[in-house]
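The values are calculated or read from the model by the stated rules, or taken from the named source; none is laboratory data. Given the structure is predicted, the values throughout are model-derived calculations rather than measurements. Here Cβ is always computed from backbone atoms with ideal geometry, including for glycine, and neighbour counts include all displayed protein chains. Accessible surface is based on the protein model in full, side chains and every heavy atom, while ligands, DNA and RNA are left aside. Shrake-Rupley method; radii C 1.70, N 1.55, O 1.52, S 1.80 Å.
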Amino acid sequence: DSSIAVALVKYEIEEKIYTDKFEFYLTTSSNNFLAKSVDFWDDTLKNFDPLPGNNLVYDVGIKYGCGNGNKIRRPIIVSCAYRPPVQMFSLDKYWGQFNIGGLFDSYTAQGYDVLFIKDKPGNKSLQEAGDELAEFIKYINVRKKQNWPGEDWENVIQGYSMGGQKARYALLKMEKEHMEQGGPHHHTRLYIPYDSP
């Protein structure tokens, strides 16, 4: 239900006349990016282990931001809730559960890279899970700097329930290590807890 339309715009700047042509889609629907995604992920990391030795690995679903060319640039890292082994949750199910009203679709349309983290197992202690998340944040910071060396986008960390506490722990740990030992900074500008103290 869409067709390409053209608008001709004529304007004047400092007594000089300009004409531009803009092509756009004319459609009977709006905000199509808010519709449920057919392909949930552009990329996945399966059994990824940023911190070997604590018997916890990640499945990571990555939805790259529009125009980022399959390279992490402006990450929104989503730390999911506590899940005992009997509660089977796939990355697709996480996307379906938390992409309410197309929230994450709208972020990717604005150029943000959305990374959902599924802990395996999902019932590790706060310290173990927080330590692992801190290492993952370090990994993402190195990767985005390699991908876009001339840019300096800071992270957004979002956590649901226990995921919010893991994110808080990881950020506090990294700040402490940065201030006391000169460790890497978390390079995060915004922390968003949902349903989390």
Exercise. Are any of the residues in the range 118-126 in contact (Cβ under 8 Å) with a residue 12 or more places away in the chain, more than 21 Å from ASN47 (Cβ to Cβ) and small (Gly, Ala, Ser)?
Worked result: no
Problem set entry | Selection within the range 154-190 - within 17 Å of the chain's Cα centre (by Cα) and surrounded by fewer than 17 Cβ atoms within 10 Å (Cβ to Cβ) | GLU154, ARG189, LEU190
For this session: Could you tell me whether the range 51-70 includes any residue that is in a strand (DSSP E or B), open to solvent by 40 Å² or more (accessible area, probe 1.4 Å) and not β-branched (Val, Ile, Thr)?
Result: no
Exercise. Between residues in the range 78-100 that are open to solvent by 70 Å² or more (accessible area, probe 1.4 Å) and residues that are not in a loop (DSSP other than H, G, I, E, B) and not β-branched (Val, Ile, Thr), which pairs lie under 7 Å by C-beta distance while being six or more apart or on different chains?
Worked result: TYR82/GLY122; TYR82/MET162
Seminar exercise, completed: Of the conditions (1) within 17 Å of ARG189 (Cα to Cα); (2) among the hydrophobic types (A, V, I, L, M, F, W, C); (3) surrounded by 21 or more Cβ atoms within 10 Å (Cβ to Cβ), the single one that ILE117 does not satisfy is (1)
Problem set entry | Check on LYS138, within 17 Å of ASN47 (Cα to Cα) and of a type in the set (Lys, Arg) | no
Exercise. Taking GLY150 and the conditions (1) out of contact with any strand residue (DSSP E or B) (no Cβ under 7 Å at 6 or more places or on another chain); (2) in contact (Cβ under 8 Å) with a residue 12 or more places away in the chain, which numbered condition does it fall short on, given that it satisfies the others?
Worked result: (2)
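Condition check ((1) modelled with pLDDT of 95 or more; (2) polar (S, T, N, Q); (3) touching a Phe, Trp or Tyr at 6+ places or on another chain (Cβ under 8 Å)) across all residues:
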residue	(1), (2), (3)
ASN123	no, yes, yes
GLU135	yes, no, no
TYR139	yes, no, no
GLN165	yes, yes, no
ARG168	yes, no, yes
LYS173	yes, no, no
LYS176	yes, no, no
HIS186	yes, no, no
Exercise. Could you say which residue among TYR64, TYR94, TYR82 is among the hydroxyl-bearing types (Ser, Thr, Tyr) and in contact with a Phe, Trp or Tyr (Cβ under 6 Å, 6 or more places away or on another chain)?
Worked result: TYR94
Seminar exercise, completed: Selection over the range 4-50 where residues are assigned to a loop (DSSP other than H, G, I, E, B) and either modelled with pLDDT under 90 or open to solvent by 90 Å² or more (accessible area, probe 1.4 Å) (or both) yields a count of 12
